[in-house]
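Input: a single structure, listed below in structure tokens.
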Amino acid sequence: MHAQNEAPLFGRYIAAAALCAFASGAALATPMKIEAVITPKAESKLEFADGSKRYLLATQREGKAVGNGPLAGATMLEWGVHDVNPAAGADANGYLVFTTASGDIAYLKYQFRGVPVPGPDGKPRFLANGFWETAGGTGKLKGLRGAGAVHFIPQERRWILDGDLVSAD
């Protein structure tokens, strides 16, 4: 076989495989990117009295998810625990609950690590990155599967989630 014929033949194989997957009802992952700025609804804070400025924050914060994918336009509620040591970093984990206008719910589990770095003004700021994965859902979001990266900007309370989602339908 000549090299010039290999590319079109390979392309046909890929197209045939994609058609078979589509025809068999296999769900394909679709890219998702959403952002949400969240505001506190409820918080509880344990401040260490040892001079370290360390604290543990249990929080509920809420905002509107914008972007693309099935979670865009939904209300996002964070249920999180943040273990913050300003000198060494922060660890956070919890759940993000997305509720659509029709009442369908998606649960995403998240975890991230924040690392202090010098900011442009010389004051420390945190770079916070981690991952998320689906943990459940209801209605049209039941059976939703996926995972991706989470980027949290603490100064703005802004969440950015990238990844792929696959619907059960």
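A few points about this structure:
- Every residue from segment 91-110 that is assigned to a strand (DSSP E or B), over 19 Å from residue 146 (Cβ atoms) and either at pLDDT below 95 or open to solvent by 10 Å² or more (accessible area, probe 1.4 Å) (or both): 91
- Qualifying residue in segment 118-127 (condition: outside any strand (DSSP E or B), surrounded by 14 or more Cβ atoms within 10 Å (Cβ to Cβ) and over 12 Å from the mean Cα position of the chain (by Cα)): no
- Segment 150-165 - residue that is in a strand (DSSP E or B) and open to solvent by 50 Å² or more (accessible area, probe 1.4 Å) and, of those, farthest from residue 102 (Cα to Cα): 151
- Residues in segment 147-165 that are closer than 23 Å to residue 60 by Cα and over 10 Å from the mean Cα position of the chain (by Cα): 153, 154, 155, 156, 157, 158.
- Positions within segment 60-84 being open to solvent by less than 10 Å² (accessible area, probe 1.4 Å) and either part of a strand (DSSP E or B) or charged (D, E, K, R) (or both), in sequence order: 76, 78, 80
- Of the candidates 40, 31, the single residue that is in a strand (DSSP E or B), at pLDDT below 95 and surrounded by fewer than 19 Cβ atoms within 10 Å (Cβ to Cβ) is 31.
The values are calculated or read from the model by the stated rules, or taken from the named source; none is laboratory data. In this text, all values refer to a predicted model and were calculated from it rather than measured experimentally. Cβ coordinates were reconstructed from backbone atoms using ideal geometry, including for glycine residues, and neighbour counts include every protein chain displayed. When the accessible area is computed, the model is the full protein with side chains, heavy atoms only, and any ligands, DNA or RNA have been set aside. Shrake-Rupley method; radii C 1.70, N 1.55, O 1.52, S 1.80 Å.
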